[in-house]
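Just so it is clear, none of the values below were taken in a lab; they were calculated from the coordinates. Treat the numbers as computed from the prediction; the structure is a model and nothing was measured. With ideal geometry, Cβ positions are generated from the backbone for all residues, glycine too; neighbour counts draw on all protein chains shown.
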Amino acid sequence: MTQEKSASALSMMFVVVGNMLGAGILALPVNLCAAGFYPSIAATLLMWVLMTYTALIYSEQKSLTTSENADLPTFFQQELGNGGKWVTIVANLIILYGVLVAYLCGITAIIMSLQSTLPKSVVMILYFALVTGMTAFGMKMMKKCTPYMVTVMWITFGALVFMVVPDVSAPNLEAFDWTYIPAGLPVLLMAFHFHNIIPSICRTLGHDRKKIRTAIIGGTTIGMIMNITWLLVVLGSLPLSNPETQIDLITAFGNNDPATIPLEKLLQTPVFTYVALIFAVVAMSTAFMANGTAMLSFMRDLTSSNFGIDNKIVVWCLSFVPPLLVGLLYPDIFLIAINLVGGVGECIIFGILPGFIVWKYSPQGSIRKYSGMLLIICFASVLLIELGQEFGLLHLSPDVEYWTHHTR
């Protein structure tokens, strides 16, 4: 019996890791490059603590995790009324559509960096057909495939780190500027994103609190270690700016490229190129399946509860056709999509709202109640910073043109 429990918890731990390590890990070094290595590590550790805590908060909400049909809009309608329900719907659409767009654009950019014979639109459509076909099998397919896919991710990730480590240079790790950390926080949120599959995890583990905690804390800890390792090798091997070759992080930032693209140009070895491709495809596909499954569940709840529609084809089309169209129309918005997901959608649903739940139901004057207030303040700050940047009121991201011409 103990072995069965351990295996089940381990299986869901793989699902957590697979959901986290998608587009976020590939975007993290590029978005945090101007801040530097040491501030990036501090911010990563802080976000790991905050996002793990909010995940545990959601896992404790029985009205969310026990019903096969309940999803976040239904849950927050019960907690906050119709206003809370529609805020959740809009924020969840931003998250789920945004991450699916990011995966489609990220994989397309990586494949296009290897070949130029097929048009971007064809590459994107072929990848879309593959991953949505796998997603159609839902959590049953995820439980069977995710451990193998995460194992492939770990092997290819280890190989990438091994190949890049010789190019790590101490001077590249020395420069830092804390003022750029706020600009990278939305991507950090995305790098620890898996909360939308928590109801499925809880149901799959039979609502066993010990197994759920093991899966969540173990999964986020593994993800945190991999994120920090990736920051070390990428920020250590690539210069912030190199005007002569343009093989640098600021150029990647300006082009909305995943971190593997400038690394391919730096190393120029076929082995790295194809290992990086396998890692990116497996990581993003695993995350696409997890988020696609969550999107189908969310859309089914939304259409059946509000519009009386329970047609599987309609639900599938509403879930996957919009992100495909956005990706085809705007194929170069990988980093933009991730920032919007993390800075707006994630902040609201997986930061501010769980903080409100803790604040609302904790005893007056308790540490837990104060922790809820702290969550609200922290995530509301990130939301305001991101909205300020989106509306042009703030400019905290590195000035690409300035860094390219004045930094070496």
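Would you be so kind as to identify all helices of the chain, as entire DSSP H runs, whose Cα atoms reach 18 Å or more along the helix's own axis and whose mean Kyte-Doolittle hydropathy is at least -0.5? Before the final figure, lay out each step's value.
Values: long enough: 2-20 (27 Å, 0.56); 37-59 (33 Å, 1.32); 72-112 (46 Å, 1.25); 120-135 (22 Å, 1.58); 138-164 (36 Å, 1.04); 209-237 (42 Å, 0.90); 270-307 (52 Å, 1.07); 312-329 (26 Å, 2.02); 367-390 (34 Å, 1.15).
Both cut-offs are met by 2-20, 37-59, 72-112, 120-135, 138-164, 209-237, 270-307, 312-329, 367-390.
Please compute, for the alpha-carbon atoms of segment 10-111, the extent along each of the three principal axes and give them in descending order in Å.
Cα extents, longest axis first: 43, 32, 30 Å.
Please name whichever of ALA276, GLN389, ALA287 sits farthest to the positive end of the charge dipole of segment 261-396, dipole taken about the Cα centre and charges placed at Cβ: Lys and Arg +1, Asp and Glu -1.
ALA287
For segment 204-252, what D do you get in µm² per second when you plug the Kirkwood radius from alpha-carbon pairs into Stokes-Einstein at 25 °C and 0.890 mPa s? Could you put the intermediate results ahead of the total?
Details: Rh = 13.5 Å.
Translational D for this selection: 181 µm²/s.
For the chain, I need the span (max minus min coordinate) of the C-alpha atoms along each principal axis, in Å, sorted largest to smallest.
Between the extreme Cα coordinates on each principal axis of the chain lie 58, 49, 46 Å.
Treating the beta-carbon of each Lys and Arg as +1 and of each Asp and Glu as -1, no other charges, what is the dipole magnitude of segment 145-248 about its Cα centre, to the nearest 20 debye?
Working: 5 positive and 6 negative charges, 193 e Å.
Here the size comes out at about 920 debye.
Compute from the Cα atoms of segment 262-402 the Rg and the Dmax, the latter being the longest Cα-Cα distance, and quote both in angstrom.
20.2, 60
Quick one: dipole size for the chain, taken about the Cα centre, charges +1 on Lys/Arg Cβ and -1 on Asp/Glu Cβ, in debye to the nearest 20. If you can, show how the numbers build up before the last one.
Working: 19 positive and 21 negative charges, 300 e Å.
Charge dipole, the chain, about its Cα centre: 1440 debye, nearest 20.
Cα extents of segment 162-307 along the three principal axes, largest first, in whole Å?
57, 37, 36
Compute the semi-axes of the equivalent ellipsoid of segment 96-229, taking the square root of 5 times each eigenvalue of the Cα gyration tensor, and list them largest first in whole Å.
On the way: eigenvalues 156, 124, 53 Å².
Calculated on Cα positions only, the semi-axes equal 28, 25, 16 Å.
Per the Debye formula with a single identical scatterer at each Cα and no solvent contribution, what log10 I(q)/I(0) holds for segment 154-217 at q = 0.29 Å⁻¹?
-1.09
Taking every pair of Cα atoms in segment 27-184, average 1/r, invert it to obtain the Kirkwood radius, and report Rg/Rh to two decimals. Could you put the intermediate results ahead of the total?
Working: Rg = 20.2 Å, Rh = 19.8 Å.
Ratio of gyration radius to Kirkwood radius: 1.02.
List the lysines whose Cα lies under 19 Å from the Cα of LYS144, skipping any in the same chain that are fewer than 8 positions away.
Leaving aside lysines fewer than 8 places away in the same chain, those within reach of LYS144 are LYS5, LYS211.
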